[in-house]
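Input: a single structure, listed below in structure tokens.
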Amino acid sequence: MENRIQIVSFKKPQQPARYGERFDRVSYAVNAYRNWDFVFEIPPTTILLEVPGPDSAATSGPAPPPVETRMSQLLHVQVFWQPQPGRTAIESTQTNATLLYCLFTGDDVIAYEGAGFVFFEQTWDGRGLQGRIESSDLVPTRFVNAPTDLFGPCRLEGTFRAEEDRGHVVAVLRELRSRLAAAARPVEAPPTPD
């Protein structure tokens, strides 16, 4: 089973765009609240990023050359309850998980958050979990610096196979909270004159 996610972007509602990503690593751990934390990762790679130039109507000079930057992706899925076949009624509108999908480009970060339905079971060899993100709806919620919003409101689904690695999951989530902390800080009010 591949760690593959499909995203349908509704940034242009009349023309939904489809994207697909294959995640290199999926790890999971059961947290202190007995919820399952899944971490999907695409490690940093170097990409060429087009730099917007000055208004082309105002100047006729050449566009600035692309710059090299690092890009990575992270999906955190937290599952609160798991359906039991034959004992739990299942319908397509249920949610049992929250999702946080982050795109990191240089120092820019954009986070898409939402809820969905995730089903998983132990692999046949008992060495991990395999499952499916049945459906989820996400919206962009947090911005660090000036990231580009690629998806707008979007729908995410996919398949995964995860290996248990508590230490790795805790470290990744700690780093994620640190990187998103700038988006959570309140904007300071300007000083008032005395």
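The values are calculated or read from the model by the stated rules, or taken from the named source; none is laboratory data. A quick note: this is a predicted structure, and the numbers were derived from the prediction, not measured. Every residue, glycine among them, receives a Cβ derived from its backbone with ideal geometry; neighbour counts consider all protein chains shown.
Sub-6 Å Cβ pairs linking a first residue in the stretch 72-84 that is within 15 Å of Tyr112 (Cβ to Cβ) to a second residue that is not in a strand (DSSP E or B), at least 6 apart or interchain, are Gln78/Asn35, ordered by first then second residue.
Selection of the stretch 1-54 for residues being surrounded by 14 or more Cβ atoms within 10 Å (Cβ to Cβ), among the hydrophobic types (A, V, I, L, M, F, W, C) and part of a loop (DSSP other than H, G, I, E, B) yields Phe10, Phe23.
What residue, among those in the stretch 107-148 that are in a loop (DSSP other than H, G, I, E, B) and touching a residue at least 24 places away in the same chain (Cβ under 8 Å), is nearest to Gln78 (Cα to Cα)?
Ranking the qualifying residues of the stretch 107-148, first place goes to Gly128.
On the stretch given as the stretch 22-42, residues that are touching a residue at least 60 places away in the same chain (Cβ under 8 Å) and within 18 Å of Tyr112 (Cα to Cα) total 6. If you take the residues in the stretch 107-141 that are surrounded by fewer than 17 Cβ atoms within 10 Å (Cβ to Cβ) and within 15 Å of Ser178 (Cα to Cα), which one is nearest to the chain's Cα centre (by Cα)? Top of the filtered list is Asp108. Evaluate the following for Ser72: is it modelled with pLDDT under 90, closer than 19 Å to Asn3 by Cα and in a strand (DSSP E or B)? Against the criterion (modelled with pLDDT under 90, closer than 19 Å to Asn3 by Cα and in a strand (DSSP E or B)), Ser72 does not qualify.
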